[in-house]
Amino acid sequence: MQLTVKALQGRECTLQVSEDEPISTLKRLVSEKLNVPVGQQRLLYKGKALADENRLSDYNIGPDSKLNLVIKPSEKASPEAPPSAVSAAPRLWCLVAQVLARHFSTADAERVLEQLQKDYERNLRVLSLDDIERLASRLLHPSVAEAVEMGFLD
């Protein structure tokens, strides 16, 4: 089947792939066509991020579908994330590790922490744009979000 992958900057490419193709393979093909490193690619279909370990068929992506490509900045530094957010993540995992160490053996605490980090990363990758918009609305306008949840506003 034929797919179109369109980057937000306007570049696009057409790929011939099988519906059983893993997303990781699709990213490799996009890398070859658009010269975007796989590590900097985030593929979206209908606003939902596609996980590398899944296949096109897992997302019901059919012939002539259009995917969006978001190009992430290189791993050196993320200009979108403030320095405090970048340094807060390792501190957070250290705190979680300390809490786990109080309740589990060292080996079990390490396994639980590793699984928590994998789940966290996976959940971030599958956030849709709608999910992010709802989260931002709740954080930026908590009283409006509460009124909507209670059914006072549509």
> What does the charge add up to near K46, with Lys and Arg as +1, Asp and Glu as -1, over the other residues with Cβ less than 11 Å from its Cβ?
Replying inline: +1
>> Give the separation of the Cα centroids, region 40-65 to region 1-35, in Å.
In response: 10
> So if we plug the beta-carbon distance of L129 and Q98 into 1/(1 + (r/R0)^6) with R0 = 41 Å, what FRET efficiency do we get, rounded to 0.05?
Replying inline: 0.75
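Give the carbon-plus-sulfur fraction of the accessible surface of region 2-71 in %, rounded to a whole number; probe 1.4 Å, heavy atoms of protein chains only. Write out the running numbers ahead of the final one.
On the way: 1610 of 3750 Å².
Carbon and sulfur atoms account for 43 percent of the accessible area of region 2-71.
Give me the accessible area per residue for region 2-71, probe 1.4 Å, as a whole number in Å².
Numbers: 3750 Å² over 70 residues.
Roughly 54 Å² per residue, with all protein chains present.
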> Using θ = phi - 60° and the Karplus curve 6.51 cos²θ - 1.76 cosθ + 1.60, what whole-Hz ³J(HN,Hα) does each residue of region 59-66 get, with Gly and Pro shown as x?
Replying inline: 9, 6, 8, x, x, 6, 6, 10
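Send over a whole-number figure in Å² for the accessible area per residue of region 88-150, probe 1.4 Å. Don't jump to the answer; show the numbers that get you there.
On the way: 5070 Å² over 63 residues.
Accessible surface, normalised per residue, equals 80 Å².
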> Could you give the nm distance between label points at E110 and Q40, where each point is 7 Å from its Cα heading toward the beta carbon?
Replying inline: 3.5
> Separation between the S57 and R11 pseudo-spin-labels, each 7 Å from Cα along Cα→Cβ, expressed in nm?
Replying inline: 3.2
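Distance cut-off 24 Å, Cα to Cα: go down the list K48/K72; K27/K118; K33/K118 and report the pairs above it.
Numbers: K48/K72 16 Å; K27/K118 21 Å; K33/K118 30 Å.
Those over the limit are K33/K118.
The values are calculated or read from the model by the stated rules, or taken from the named source; none is laboratory data. All figures in this text were calculated on a predicted structure; none of them were measured in a lab. Counting neighbours? That spans all protein chains shown, and the Cβs are built from the backbone with ideal geometry, glycine included. Please note that ligands, DNA and RNA were not included when accessible areas were found on the heavy atoms of the full protein model with its side chains. Shrake-Rupley method; radii C 1.70, N 1.55, O 1.52, S 1.80 Å.
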